[in-house]
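What follows draws every value from the coordinates through simple rules; no lab data is involved. Every value quoted in this text rests on a predicted model; they were computed, and no experiment measured them. We place every Cβ from the backbone using ideal geometry, glycine too, and count neighbours over all the protein chains shown.
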Amino acid sequence: MLRYYSYYSVGGYKDLLLGDSASGDESTYFLPMLPVLEERGATDATSQQRAEELRKLPAMRLLTSDDGHGLPSSARYLFSHAGYKLLYRHLEGDKYAIALRDIYPDDKDENGRSIPFLVVIMGDTTADLRTLDTLAAYMASNIVTAERTISSMIGMDYDKNGLRFDLRKFNQWIDTVTKSSKSCTIATINGNITIHASRNQTALLVLPGGIPIKTAIAEQRLNAGTISETVCIDDIVAHDNPGQLVNTVARLATMLKEERSRNKTLKRGLVLAAICGFLIGVMIASCCSH
């Protein structure tokens, strides 16, 4: 069973269990004003009725030091520390997790600011692991789309006066991704990398631009020798970002020019030129699809 967690700002940042893949609920809710409504209900019939209605809604769960709602303590640095854009790693026992951070919600806070959040997807079965392998590769190759999709499924419900997560849609999205994309491969300017999680390993570390790997290792308390694949986000051949593909082609063209200056045989240069041609084709196809 997959479990979904988030570090989201709703009256201040909260660590939340959003829901899981086994649930049939359409949405889950975090209702910070419900206790106030319940208190008013002691003397006001309308407030009492409203509180009763809201209590029936499927609830998110607040993570505490005493109850992580299935999330092990080894995952705490995913929430509390930065150093990565996307991280896919073994936690402990049979538990593995994908974390994607710095997702910007559609909603603004009370001061009109867009406050970033993160999502963690954790699995603990063999089937979950196959799903997570595919999902990690897809999310790394389609980060713009993944962020937009996730941010569209979590936000304030002003009728309920709380945070809502569209659990059913999220489960459907994961199901669609894993059925339509069986690949666990990520294309980068340095070649393809294949993602397969294994015990005591970090299967994939995607670094934000400008962040060195030593920062990620320190922030996330990782062991450099157990990181299977590391890639900077700017080096990934994005499937859903034509602008980034343009920059990638420009970088490869520079590499080609420098290589030709160093090596008169042009053998590697021709390979790079072929890669540039491939990327241009991908970019054109991506533009047409949008």
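For the stretch 85-239, the dipole from Cβ point charges (+1 on Lys and Arg, -1 on Asp and Glu) about the Cα centre works out to 240 debye, to the nearest 20.
Cα-based values for the stretch 164-232, radius of gyration first and Dmax second, are 15.1, 41 Å.
Only one residue of Pro35, Ile189, Thr134 has its Cα farthest out toward the positive end of the dipole of the stretch 2-235, where Lys and Arg carry +1 and Asp and Glu -1 on Cβ, and that residue is Ile189.
Packing-based ranking of 125-134, 40-49, 171-180 yields 125-134, 171-180, 40-49, ordered from highest to lowest mean Cβ neighbour count within 10 Å.
Cross-link check: pairs Lys179/Lys214; Lys14/Lys95; Lys95/Lys160; Lys95/Lys182 evaluated at a Cα-Cα cut-off of 32 Å; pairs beyond the cut-off: Lys179/Lys214; Lys95/Lys160. Gly123 sits among other residues whose Cβ lies under 14 Å from its own Cβ, and their net charge, with Lys and Arg +1 and Asp and Glu -1, is -2. Relative intensity of the stretch 154-202 on a log10 scale, I(q)/I(0) at q = 0.16 Å⁻¹, equals -0.74, per a Debye sum over C-alpha point scatterers of equal strength in the absence of solvent. Between Ala42 and Ala22, what is the FRET efficiency for a Förster distance of 25 Å, r being their Cβ-Cβ separation, to the nearest 0.05? So, using R0 = 25 Å, E works out to roughly 0.10.
Ordering of 181-189, 65-73 by packing is 181-189, 65-73, highest average first (other Cβ atoms within 10 Å, averaged per residue).
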